[in-house]
1. In the range A:56-89, which residues are in contact (Cβ under 8 Å) with a residue 60 or more places away in the chain, of a type in the set (Gly, Ala, Ser) and either more than 9 Å from chain B (Cβ to nearest Cβ) or open to solvent by 10 Å² or more (accessible area, probe 1.4 Å) (or both)?
2. I'd like to check something: does the range B:348-371 contain any residue that is in the same structural domain as residue B:299 (by TED's automatic domain parsing), in contact with a His (Cβ under 8 Å, 6 or more places away or on another chain), surrounded by 22 or more Cβ atoms within 10 Å (Cβ to Cβ) and not polar (S, T, N, Q)?
3. Return a yes/no flag: does the range B:455-466 have any residue that is over 18 Å from the mean Cα position of the chain (by Cα), in the same structural domain as residue B:348 (by TED's automatic domain parsing) and buried (at least 24 other Cβ atoms within 10 Å of the Cβ).
4. Within the range B:405-415, which residues are modelled with pLDDT of 90 or more and either surrounded by fewer than 23 Cβ atoms within 10 Å (Cβ to Cβ) or of a type in the set (A, V, I, L, M) (or both)?
5. Taking only the range B:139-163 into account, find how many residues are under 12 Å from residue B:82 (Cβ atoms), among the hydrophobic types (A, V, I, L, M, F, W, C) and in contact (Cβ under 8 Å) with a residue 12 or more places away in the chain.
6. In the list B:380, B:409, B:369, which residue meets the criterion of being under 30 Å from residue A:136 (Cα atoms) and in a helix (DSSP H, G or I)?
7. Hey, could you check the range A:137-193 for residues that are of a type in the set (Val, Ile, Thr) and more than 19 Å from residue A:109 (Cα to Cα) and say which is most open to solvent (accessible area, probe 1.4 Å)?
8. Kindly indicate whether any position in the range B:84-106 is open to solvent by less than 20 Å² (accessible area, probe 1.4 Å), within 11 Å of chain A (Cβ to nearest Cβ) and either in contact with a strand residue (DSSP E or B) (Cβ under 7 Å, 6 or more places away or on another chain) or part of a loop (DSSP other than H, G, I, E, B) (or both).
Amino acid sequence: MTHRLMWLLGATLLLVTPVASAEPFVFTAIPDEDETRLQKRFQKVADYLTDELDHDVRFVPVKSYSAAVTAFRNDQVQLAWFGGLSGVQARERVPGSRAIAQGVEDTEFRTYIIANEDTRLETDAGLSDEMRDLSLTFGSKSSTSGRLMPEYYLREHFGEPPEETFSRVGFSGNHSRTISLVASGAYQLGAVNYAVWENEVEAGEIDTDAVRVIWKTPRYPDYQWTIRGDIDDRFGDGFTEQVQQALLTMDDPDLLESFPREGFIKADNDDYAVIKEVGNELGLLDP
Amino acid sequence: MRQSASIRLSLAFVLVAFVCLLFADLQISTSNPWQELGRLALGVVTPDFAAVDYLGKAVIRTLAFAFVGVALGAGGGFMLALCFRHRVIRAGCAIIRAVHELFWALLFLQCFGLHPLTGVLAIAIPYAGIFAKVYAEILDETDPEPAHALPASSGRLSTLLYTRLPLAWSHLVSYTAYRLECGLRSSAVLGFIGMPTLGYYLESSFAQGHYSSVGALLLIFYVLIATLKLWVRPRLLPLYLMAAPFLLGSGLPIAWSNVSRFLTQDVIPAPIRSGEGIAGLGPWLGDLLTDQALPGILNTLLLTQIALVLTGALALLLFPLVSSHFTRRLSGTAGHMVLVILRSTPEYLLAFILLQLWGPSMLPAVVALAIHNGGIIGHLIGQRSNTLRLRPDAPHGVERYAYEVVPRLYGPFLALLFYRWEIIMRETAILGILGVATLGFYIDSAIQEIRIDRALVLILITALLNIGIDSLARHLRARLRLRYRANSRQGC
């Protein structure tokens, strides 16, 4: 029996060791909303890129923002659709990597603070002391629009960390969940990505009487495509540029809807300097 | 005398739990939970098997990860059990089993990424620690006489193979089979952080409110666990074990440079990495301890103590459901069903449901832990009660319960509860990921911020806390002379 176990042990280790094959180009995306649709949303993009680049492109879904950053850092994915903060986290850890494209909307992104109707806070009521001692949920812990920027603006307004302003501060995990937690009243307030909100309102999935937008943050840069720095050496000269071109020329509404974005424009690392600054200030990044 | 000592101890625990209640945040804050719950109930009774893509694949992956993980854990654990007398091995096993599978997986994700090895090792390593301990106990409990009868020149291996192993074999097998059920749960739960198992889809569907998919996934999960005995047969086992490694999926390739980076950079405390040296280590560690570890430890302890007492109360209430002294045939079967559902629903999901109902506080976590663990202990105590023989003229109903059955089962009940103590604490970790500010919450935050050095310190603290509780529980069991056989300690 011991021998059989040993044999199995050895065999298993052998079998799980990776087998080398023609290298596919792999990308991922942060799971910022409905995870059940993630594969469907991005498989179309993978197919599009495969055609455009004439190279096998695969999409890999991940469960958390940090898993996306880790996969990028570990070179298990070479390209990623990051949020502002996760992009900065990733580029800090992968020398040479750079932001190559962002959504048209991403230069002027914003967060909506939403409230349950029972709070009696009116639409566009603005930030006020009436929000004190209510409960508030952010999105994912490392979301730019769901945590970093709203926390920054809330701190600025109230002059203290959110934990002191609000009776309870939580992290829902993603934007769709923030909306449903505020709708059910589990949290009274929430900070949500404006694009996800607008999208769900349009799709008729939100009862805008039960949940309302009480404040909109100023604008800031957010999502972007980030690519590793060693791509040309591995996939051929000019591959990075081809990827960038393919993203910039993406105009099929069906594809763009999965982001959801109007289209993509050029981006570079410096566009996200403000995100990095805020990340440092809130202690989410090591200076 | 012993009786009153165990009652005094129970009362002390109840008292501590009440004191904890004063400090715990147990507020109910939702205003309109019924809409969401109604949808959940509707979804669970109208499971939609077509709604879940890749359902078959998820089931196969769940089984494959469980089989390979448990097999490696059992193999490794057996080797370790043979040298369990050494202090270093014992301490090492205590540490590796004190770290929750999820945390192992989060660490391995950093170096192996989304590769099957991450999930397999996350199960195999803590399980090896558990197997080592239980196997060693089982081997120790065998009759030493046959070994004494052998000639003095017999080798250690032959002595083991011809005396203790055959005697212990059936116990080893039954414990290992039991552990496989735990492995299935662990495997499913690893989906919550990205392994391609049932939990992956369960979590996504749940988060998104696709309750018909949730219903389908839960149903499949219950059926897998409930029918385990039917399809896990000794004869089929080699077949499963041979097939499982091929069914793990390929994941993404591992770059070994990541492993060395993990070991030489990621886990090194930030001040040392940035060249501040040992001088910077003090403030770094101090901040980490005061801002995160201490509040985390406090909340972990509060949650654990309240959940423990509630678990005990619930187990005492539930066990008659499966005890032949209180049920007839039909109601007994129904009772079994109830307890199977209670104990095999991952506490993560229970907590998630209750979070919708009551809003964010410790309450959902406490109740989820109590329901899950109460289900397990209730089941075991109920089974134990079936071995009791009552006098033909024994009273019925409440009197039978209070004066005949419970007093006789109270010792084993306490022993099991103390055994679950450490497990309940370990499970508070996974609830931290839902947002209850236990140590698990801060570990998750550190991982989200990709600060592995901090995560590692917090994981070590969690492990030490678990070990502390475990040895306290052992001490209390020894003082009250609560004995239980190694192979009767079931429950993941």
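1. Once the filter is applied, which keeps residues that are in contact (Cβ under 8 Å) with a residue 60 or more places away in the chain, of a type in the set (Gly, Ala, Ser) and either more than 9 Å from chain B (Cβ to nearest Cβ) or open to solvent by 10 Å² or more (accessible area, probe 1.4 Å) (or both), the range A:56-89 yields A:64, A:80, A:83, A:84, A:87.
2. Looking for residues that are in the same structural domain as residue B:299 (by TED's automatic domain parsing), in contact with a His (Cβ under 8 Å, 6 or more places away or on another chain), surrounded by 22 or more Cβ atoms within 10 Å (Cβ to Cβ) and not polar (S, T, N, Q), one finds none in the range B:348-371, hence no.
3. yes
4. Within the range B:405-415, B:405, B:406, B:407, B:408, B:409, B:410, B:414 meet the criteria.
5. Summing the residues that are under 12 Å from residue B:82 (Cβ atoms), among the hydrophobic types (A, V, I, L, M, F, W, C) and in contact (Cβ under 8 Å) with a residue 12 or more places away in the chain in the range B:139-163 gives 2.
6. The conditions single out B:369.
7. A:169
8. No - not one qualifying residue is present in the range B:84-106.
The values are calculated or read from the model by the stated rules, or taken from the named source; none is laboratory data. Since the model is a prediction, treat every value here as computed from it, not as a measurement. Ideal geometry is used to build each Cβ from the backbone, glycine not excepted, and the neighbour counts take in all protein chains shown. Remember, those area values only see protein heavy atoms, side chains included, never the ligands or the DNA or RNA. Shrake-Rupley method; radii C 1.70, N 1.55, O 1.52, S 1.80 Å.
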